[in-house]
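> Can you keep this structure in mind? I'll have questions shortly.
The values are calculated or read from the model by the stated rules, or taken from the named source; none is laboratory data. Please read these numbers as outputs of a predicted model, since none were measured by experiment. Glycine gets a Cβ as well: all are built from the backbone with ideal geometry, and neighbour counts include every protein chain shown.
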Amino acid sequence: MDFSGAYSPAHLKFLLEGFLVTLEVAFISIILSFAVGIVIGTLRYGRIPVVSHILAVGVETIRNLPLLLIIFFTYFALPEVGFKLDKLYAAILALVIFESAMLSEIVRSGLNSIEKGQIEAARSSGLTYVQTLWHIILPQALRRMVPPIVGQFISLLKDTSLAVVIALPELMNHAQIINGRNVNYVIPIFLLVAMMYFIVNYSLSLVSRKLEHKH
């Protein structure tokens, strides 16, 4: 093991550049998948004829596919039908597709956890279904969903490492490049990479606990 060589300024800078790409992919994917997940989960909760069934089939199909397959599809298969994406956008699209399906189930379960009596009381007071959903049900459900949603965000951040298969210049890709230069760098580099992931994910878990305690 060569810690001094592995942790040279050039290597640390290279890893940091990769980590910034990882965080960029994760941040964009989190925002988009959260928005899409709320829409899908809410539509499924509403049990709209046909639409709800189509979404259910789509969600269950995606949830039972490996994320790696979806990444391959967005990067290698879409160009075959005329949609060629940059590595960054292919990774983001794959993550959004996969995580939206996961988050939609969390949203739907959260909405279903709200007592039906509150819905009936809101409707009887003159609120429309949409107003009841937006002002009464969704705010309460979101508070209950904080822990599982943050847990899914943590999973998403870790899943960005799978983009190494399409050579996205993220953290794991840069770690592999450094390790390829000297076998003695493997353990020191992977220890540092693990610490970088841990710091961000543990910080997210602390935020989740504070939000849960607050509500």
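> Only one of (1) loosely packed, with under 13 Cβ neighbours inside 10 Å; (2) farther than 22 Å from T42 by Cβ is not met by A175, so which one is it?
Here A175 clears every test but (1).
> May I pose another question? With respect to the numbered conditions (1) of a type outside the set (G, A, S); (2) at pLDDT 85 or above; (3) crowded, with 19+ Cβ neighbours inside 10 Å, which one is the sole condition not fulfilled by L133?
(2)
> Restricting to region 156-185, what's the tally of residues that are over 20 Å from the mean Cα position of the chain (by Cα) and free of Cβ contacts under 8 Å to residues at least 24 places away in the same chain?
5
> What helices (runs of 4 or more DSSP H) lie completely within region 1-111 and have 1 or more residues being within 18 Å of T160 (Cβ to Cβ)?
9-45, 51-63, 67-72
> Which residue pairs have Cβ atoms under 8 Å apart, sit 6 or more places apart or on different chains, and have a first residue in region 16-42 that is at positive phi and a second that is buried (at least 19 other Cβ atoms within 10 Å of the Cβ) and of a type in the set (D, E, K, R)?
none
> Select from region 118-160 the residues that are touching a helix residue (DSSP H, G or I) at 6+ places or on another chain (Cβ under 9 Å) and charged (D, E, K, R) and write down the one among them that is farthest from L93 (Cα to Cα).
R123
> Can you say whether S205 is at pLDDT 90 or above, under 25 Å from the mean Cα position of the chain (by Cα) and part of a helix (DSSP H, G or I), as far as the supplied structure shows?
It is false that S205 is at pLDDT 90 or above, under 25 Å from the mean Cα position of the chain (by Cα) and part of a helix (DSSP H, G or I).
> Residue check: is I154 of a type outside the set (S, T, N, Q), buried (at least 18 other Cβ atoms within 10 Å of the Cβ) and assigned to a helix (DSSP H, G or I)?
yes
> For region 28-47, give me each residue that is surrounded by fewer than 14 Cβ atoms within 10 Å (Cβ to Cβ) and in contact with a Leu (Cβ under 9 Å, 6 or more places away or on another chain).
Scanning region 28-47 gives no hits.
> Return yes or no: is S4 at pLDDT 95 or above and of a type in the set (G, A, S)?
The answer is no for S4.
> Cβ-Cβ distance below 7 Å, separation of 6 or more or different chains: which pairs start in region 77-101 with a residue that is in contact (Cβ under 8 Å) with a residue 24 or more places away in the chain and aromatic (F, W, Y) and end on one that is surrounded by fewer than 24 Cβ atoms within 10 Å (Cβ to Cβ) and outside any loop (DSSP other than H, G, I, E, B)?
Filtered contacts from region 77-101: F98/I62; F98/L67; F98/I70.
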